[in-house]
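Remarks on the structure that follows.
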Amino acid sequence: MTDEDPEGEPAATARATLRRSGIAFDADDAALLRAVAAEGSVAGAAATLGRSRARALARLETLGGAFGSLVERTRGGAGGGGSRLTERGEAVLARFDRLERGLLLSARAPETALDGEVVDVDGELATVTTAIGDVRALHDGLRPGDAAQVRVGADAVTLQGADATPAADETSARNRFSGTVAAVERGETVATVRVTVAETDVTLAALVTVASADRLALEPGRGVTVSWKATATAAVAPP
């Protein structure tokens, strides 16, 4: 894990945590920034959260040393002073919120389990013969001939129109299957699309934005291609 991602934003770890220069920005820190924005002062934010003002100030100073100034404080004056989030503070909080929403969405994402048999192992990747064909996935200790279950998370699956599918050598998503949309369950911004793989009765789930569902004209009966990277799924021993 590097200190910053290629865009210069704080790099994200797997537990809704932003990390830079060895300092982690987590849910408690996000709550502190939200409270400062709501209360207009560090003292008010600390009181709301049941923390001491000194502790809150110390934490903001620590975070500022790694992420840049997150809170601007004004002392005295006609308005009596106060605190507000800087543009940097608002940006870091927004990034944290996006990460947290993404992790929550991933945790709720439906998963398709494909039973099969390992036919080949190449380092960390195994090829498993399943009802929809050969699927490549990460494994841990499987051998050829072992029974296996490949678990495909809906958030790992990509959908493309059948007429716009790239050739196999043009994408790293080597698990690619044609199918037909069976159902589209729309949320406010995200849709769960269920696709029946061609010549099987297996249905895979995929998560896409509502905007993408509209762009692809996803509706029951629509022909699509489902794909996912081998490194985005796992082959494990059956439960």
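The values are calculated or read from the model by the stated rules, or taken from the named source; none is laboratory data. Note that the structure is a prediction, hence the values are computed from the model and not measured. Note that each Cβ is placed from the backbone with ideal geometry, even for glycine, and that neighbours are counted across all protein chains shown. The protein model used for the area step is the full one, side chains on, heavy atoms only, and it has no ligands, DNA or RNA in it. Shrake-Rupley method; radii C 1.70, N 1.55, O 1.52, S 1.80 Å.
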All positions within the range 64-104 that are over 20 Å from ASP26 (Cα atoms), modelled with pLDDT under 90 and either basic (Lys, Arg) or in contact with a strand residue (DSSP E or B) (Cβ under 7 Å, 6 or more places away or on another chain) (or both) = ARG73, THR74, ARG75, GLY81, GLY82
Considering each of THR209, THR233, THR200, THR189 in turn, give the residue that is surrounded by fewer than 17 Cβ atoms within 10 Å (Cβ to Cβ) and either under 21 Å from THR130 (Cα atoms) or touching a residue at least 60 places away in the same chain (Cβ under 8 Å) (or both).
-> THR200
Report yes if some residue within the range 129-136 is touching a residue at least 12 places away in the same chain (Cβ under 8 Å), at positive phi and out of contact with any Ser or Thr (no Cβ under 8 Å at 6 or more places or on another chain); otherwise report no.
-> yes
Hey, SER178 of a type in the set (Ser, Thr, Tyr), modelled with pLDDT of 90 or more and open to solvent by 50 Å² or more (accessible area, probe 1.4 Å) or not | yes
